[in-house]
1. Is it true that some residue in segment 58-75 is over 16 Å from the mean Cα position of the chain (by Cα) and at pLDDT below 95?
2. Within segment 100-130, track down each residue that is within 13 Å of the ligand (Cβ to nearest atom) and either among the aliphatic types (A, V, I, L, M) or over 16 Å from G211 (Cα atoms) (or both).
3. All but one of (1) in contact (Cβ under 8 Å) with a residue 40 or more places away in the chain; (2) within 15 Å of the ligand (Cβ to nearest atom); (3) buried (at least 23 other Cβ atoms within 10 Å of the Cβ); (4) under 18 Å from V40 (Cα atoms) hold for G234; state the number of the condition that does not hold.
4. Report, by residue number, each residue of segment 163-186 that is away from the ligand (no atom under 12 Å from the Cβ) and part of a helix (DSSP H, G or I).
5. Please verify whether L189 is surrounded by 16 or more Cβ atoms within 10 Å (Cβ to Cβ) and within 15 Å of the ligand (Cβ to nearest atom), treating the condition exactly as stated.
6. Would you please list the contacts, defined by Cβ atoms under 7 Å and residues six or more apart or on different chains, that run from a residue in segment 186-197 that is over 19 Å from G210 (Cα atoms) and free of Cβ contacts under 8 Å to residues at least 60 places away in the same chain to a residue that is part of a helix (DSSP H, G or I) and among the acidic types (D, E)?
7. How many of the residues in segment 69-97 are surrounded by 14 or more Cβ atoms within 10 Å (Cβ to Cβ), among the hydroxyl-bearing types (S, T, Y) and away from the ligand (no atom under 16 Å from the Cβ)?
8. Would you be able to tell me the number of residues in segment 214-230 that are within 15 Å of the ligand (Cβ to nearest atom), more than 13 Å from the chain's Cα centre (by Cα) and of a type in the set (A, V, I, L, M, F, W, C)?
Amino acid sequence: MRTSLIAGNWKMHGSRDANSRLIGGLLDGYDVRGGCDILVCPPFPYLAEVARLLNGSGILMGAQNCSTEESGAYTGEVAASMLGETGCKYVIVGHSERREIFGETDSTVARKFVAVQQAQLEPILCVGETLAQRDADETRLVIERQVNAVLDVAGVAAFARAVIAYEPVWAIGTGKTASPEQAQAVHALIRGMIAAKDDKIAGSIRLLYGGSVKAANAAQLLAMPDIDGGLIGGASLQAEEFLRICAAAKA
Ligand code: 13P
């Protein structure tokens, strides 16, 4: 069975003080015997220090973004291999904020996905529709386009070492969560797309839901058959709230 993954995307939040309080709180309340995998994704400058704070705890670390390139004259960019050296195991690619605010295309996202795997790390591929797309009945179309863009470039076998996060843009940071049924429907669609190419990988890949997940709504979402965890923004910045979400995850 798939082990649930609860990932905290800190986005551009944090400070040395706040991070050490947050990690301290997580370590105090975290039980290694608890069933799910837990991941924190701090901003780049804090990765090394957070890795040190987490050392040996069993809580994993990831990054929020990376370059499409391995190295070279790309001022301001960070290569996936560098993230691996700081202790990251995962890298988020294609977050809707990267797509919408920073203009990342499906093809950029696919290249980042490949770059992450080349560095022996696991990509967390984010997909999701905007409110206008949902209202126009284009959810299926958008999800298929975003997932296929990566499947076409990386191939289905690559998804044996990847996570997909469904994050409806209209639910991110808005307090509006997708209903468990709405989320389940899209998760089933995604798993079906993978299953059409490889049944075994479809059965093992972890599909996370993200968008205004909090302790109060986590249990219902995480109980759905195709929801294997969460990608948590705001609620991952408070140790107690984040741990309550983790406690709601299936083992
Ligand atoms: P919120 O949980 O703050 O809605 O953010 C979700 C998200 O974008 C996680 O990547």
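1. Initially, segment 58-75 is screened for residues over 16 Å from the mean Cα position of the chain (by Cα), giving 58, 67-75.
Now drop any that are not at pLDDT below 95, which leaves 58.
Yes, there is a match, as at least one residue in segment 58-75 is over 16 Å from the mean Cα position of the chain (by Cα) and at pLDDT below 95.
2. Answer for segment 100-130, where residues must be within 13 Å of the ligand (Cβ to nearest atom) and either among the aliphatic types (A, V, I, L, M) or over 16 Å from G211 (Cα atoms) (or both): I101, I124, L125, V127.
3. Every listed condition holds for G234 apart from (3).
4. Hits for segment 163-186 are P180, E181, Q182, A183, Q184, A185, V186.
5. On the way: surrounded by 16 or more Cβ atoms within 10 Å (Cβ to Cβ): yes; within 15 Å of the ligand (Cβ to nearest atom): no.
Criteria not met by L189.
6. M193/E144
7. If we filter segment 69-97 for residues that are surrounded by 14 or more Cβ atoms within 10 Å (Cβ to Cβ), which is where we start, we get 69, 77-84, 86-97.
Checking which are among the hydroxyl-bearing types (S, T, Y) leaves us with 81, 86, 90, 96.
Add one more test, that the residue is away from the ligand (no atom under 16 Å from the Cβ), and what stays is 81, 86.
Residues flagged as surrounded by 14 or more Cβ atoms within 10 Å (Cβ to Cβ), among the hydroxyl-bearing types (S, T, Y) and away from the ligand (no atom under 16 Å from the Cβ) within segment 69-97 amount to 2.
8. Of the residues in that region, 5 qualify.
The values are calculated or read from the model by the stated rules, or taken from the named source; none is laboratory data. Note that the structure is a prediction, hence the values are computed from the model and not measured. Neighbour counts are summed over all protein chains in view; Cβ atoms, including those assigned to glycine, are modelled from backbone coordinates with ideal geometry.
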